[in-house]
Amino acid sequence: MHVLRKNARAIADSKKAAGGRYRVRPIRFTQGTTVMDIQRYHQDHADILRQIEALRELSRAGIADNAEAIGELIVTTASRIKFHLAAEDQVLYPALVQSGDTQVAALGARYRDEMHGLAEEFAGFVGKWRVPARVAADPEGFRAGANTVLRRLFERLKREDAELYPAAEQL
């Protein structure tokens, strides 16, 4: 269990080591075309998926025993997701909607609109379970919430990787 806590903290420390900031390469427009480098978005997804897996490992090892590490990892994951969503909202979705390709524009608008519900659900999860005492007091409640929200988040990330980002890369 100590190793799992150490891994969860290592993920949290990675953000601190990066100065608390993650960079997203901007999308730039050149003569009516969009040049897009979305590797940063893919990297964010990989990092978020690793954090979800770390939460699963901590849960399997004992929710109540790992409540503090779980709470810390929830906060770290929420920070990464918040930054990632802001980058998508401010850079990716507007570029897709303004791309001139009606199918890509519709896809971008649909993904943007769909994300709001999941973002609110995830924010509720974070608000409830970021406090270690709450996690320790209701391990099965935490497990049920995590299974629901993190599964939806996992599926969303996979859909973006399979559908949204390849469409963006074709512009």
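The values are calculated or read from the model by the stated rules, or taken from the named source; none is laboratory data. Everything numeric here is computed off the predicted structure, so don't read it as measured data. Cβ coordinates were reconstructed from backbone atoms using ideal geometry, including for glycine residues, and neighbour counts include every protein chain displayed. Ligands, DNA and RNA are excluded from the accessible area calculation, which covers all protein heavy atoms including side chains. Shrake-Rupley method; radii C 1.70, N 1.55, O 1.52, S 1.80 Å.
Sort through Leu73, Leu118, Leu85, Leu107 and tell me the only one that's of a type in the set (A, V, I, L, M), surrounded by fewer than 21 Cβ atoms within 10 Å (Cβ to Cβ) and over 21 Å from Gln39 (Cβ atoms). After applying the criteria, what remains is Leu118. Within segment 57-70, if we keep just the residues that are closer than 19 Å to Phe154 by Cα and touching a residue at least 12 places away in the same chain (Cβ under 8 Å), the residue that is surrounded by the fewest Cβ atoms within 10 Å (Cβ to Cβ) turns out to be Glu57.
A quick yes/no check of all residues on (1) of a type in the set (Val, Ile, Thr); (2) in a helix (DSSP H, G or I); (3) out of contact with any strand residue (DSSP E or B) (no Cβ under 7 Å at 6 or more places or on another chain):
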residue: His42; (1), (2), (3): no, yes, yes
residue: His45; (1), (2), (3): no, yes, yes
residue: Ala69; (1), (2), (3): no, yes, yes
residue: Thr77; (1), (2), (3): yes, yes, yes
residue: Ser99; (1), (2), (3): no, no, no
residue: Tyr111; (1), (2), (3): no, yes, yes
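Can you pull out the residues in segment 113-166 that are aromatic (Phe, Trp, Tyr) and within 19 Å of Pro94 (Cα to Cα)? Step through it out loud before you land on a result.
So in segment 113-166, the residues aromatic (Phe, Trp, Tyr) come out as 122, 125, 129, 142, 154, 165.
Within segment 113-166, just Tyr165 meets the criteria.
Here the condition is being among the aliphatic types (A, V, I, L, M), at pLDDT below 95 and either open to solvent by less than 50 Å² (accessible area, probe 1.4 Å) or within 18 Å of the chain's Cα centre (by Cα) (or both); of Ala167, Ala136, it holds for Ala167 alone.
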